[in-house]
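I have placed the structure first, in the form of structure tokens, so that the comments after it can refer back to it.
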Amino acid sequence: MVRQFRVLIVDDEPRILKFLDLKLKASGYDVLTANNGPEAIAQVQAQEPDLLVLDVVMPGMDGFETLKQVRAVSSIPVIILSAREANTDKIKGLKLGADDYLAKPFNPDELVARIEAVRRRLAPAETRKIVDSMTLQHVTINLKNRLVMVKGKEIQLTRIEWLLLSELARNRGKLMLYGELLTRVWGPEYRDDVQILRTWISRLRHKTDPDPDNPTLIRTVPKTGYIIDESIA
């Protein structure tokens, strides 16, 4: 029997936990709940949920610190929730490794839609034709084994970083428009969210380019998109 997609909801407000528990179960999910950061980290390790919905504003260990500690032990997709100033929390959360952001108050149907979007992009690479490994400038990418070497040294990428790099590498020599990359990596609901794309491209460049302020691997075409040039070593 196939296990249901398991979502861990972390919020210090019991009424929100109860409401989202009922909503997500009604939508076909297996749901776990936690009301603080330490409990969330313990459940991530013990219960192995497939996705984490994490509130930012919690007493003691807040959502950002919880996210840092979760990222130390797991690459689980994370959607952060916050009632505070939207842009500040969004940028901070994405830089810490969150996959998505939703401002409170939110429509619960939108949360379900965003969870569905994460599910659709969890393993797209495995469903596509496997190609040989390639070396692009100083970076070697093995698409079959999901390995990336920079100047001969293996680096670790998050799932989103890998999806972005593999899309650009598969389409080397082709300009990938903002909306095209957003749709392929995050889903059609995100095709206009250029800010999230820029944030993740910046994170990826800090791992793949010796000088991320003057990147040579992933080239920006202003107001249009990104491209990895065709030349292969």
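Quick notes on this structure:
- Of all residues in the stretch 147-187, those satisfying the criterion of being touching a Phe, Trp or Tyr at 6+ places or on another chain (Cβ under 9 Å) and hydroxyl-bearing (Ser, Thr, Tyr) are Thr158, Tyr178, Thr183.
- Single residue of the stretch 118-143 satisfying the filter (hydrophobic (A, V, I, L, M, F, W, C) and in contact with a Pro (Cβ under 8 Å, 6 or more places away or on another chain)) that is modelled with the highest pLDDT: Val118
- Once the stretch 158-193 is narrowed to residues that are under 19 Å from Ile228 (Cα atoms) and hydroxyl-bearing (Ser, Thr, Tyr), the residue that is surrounded by the most Cβ atoms within 10 Å (Cβ to Cβ) is Ser166.
- Strands (runs of 3 or more DSSP E) fully within the stretch 139-233 that include at least 3 residues being of a type in the set (A, V, I, L, M, F, W, C) and either farther than 22 Å from Ala98 by Cα or outside the structural domain of Asp100 (by TED's automatic domain parsing) (or both): 147-150.
- The set of residues in the stretch 8-52 that are part of a helix (DSSP H, G or I) and under 21 Å from Ala72 (Cβ atoms) comprises Gly37, Pro38, Glu39, Ala40, Ile41, Ala42, Gln43, Val44, Gln45, Ala46, Gln47.
- Each residue in the stretch 101-120 was checked for being outside any helix (DSSP H, G or I) and over 11 Å from the mean Cα position of the chain (by Cα), and 6 pass.
- Identity of the residue in the stretch 174-233, among the acidic types (Asp, Glu) and over 19 Å from the mean Cα position of the chain (by Cα), that ends up farthest from Gly93 (Cα to Cα): Glu230
- For the stretch 17-24, the criterion of a residue being surrounded by 19 or more Cβ atoms within 10 Å (Cβ to Cβ), assigned by TED's automatic domain parsing to the domain that holds Gly93 and in contact (Cβ under 8 Å) with a residue 40 or more places away in the chain is satisfied by at least one position.
- Screening the candidates Ile9, Ile41, Ile16 for the property of being touching a Ser or Thr at 6+ places or on another chain (Cβ under 9 Å) and modelled with pLDDT under 95 yields one hit, Ile41.
- Annotation note: Cβ proximity below 6 Å between a residue of the stretch 146-157 that is surrounded by fewer than 13 Cβ atoms within 10 Å (Cβ to Cβ) and a residue that is assigned to a loop (DSSP other than H, G, I, E, B) (sequence gap 6+ or interchain) occurs for Lys151/His138.
- Residues of the stretch 135-164 satisfying the condition of being of a type in the set (A, V, I, L, M) and closer than 17 Å to Pro215 by Cβ: Leu136, Val139, Ile141, Val148, Val150, Ile155, Leu157, Leu164
- You will find that of Ala42, Ala46, Ala98, the residue that is under 17 Å from the mean Cα position of the chain (by Cα) and not aromatic (Phe, Trp, Tyr) is Ala98 and no other.
- Set Gly60, Gly37: member being on the phi > 0 side of the Ramachandran plot and without any contact (Cβ under 8 Å) to a residue 40 or more places away in the chain: Gly60
- Any hit, the stretch 96-117, residues being modelled with pLDDT under 80 and either assigned by TED's automatic domain parsing to the domain that holds Arg203 or of a type in the set (D, E, K, R) (or both): no
The values are calculated or read from the model by the stated rules, or taken from the named source; none is laboratory data. Note that this is a predicted model, so its numbers are computed, not measured. So basically every Cβ, Gly included, is an ideal-geometry build from the backbone, and we count neighbours across all protein chains shown.
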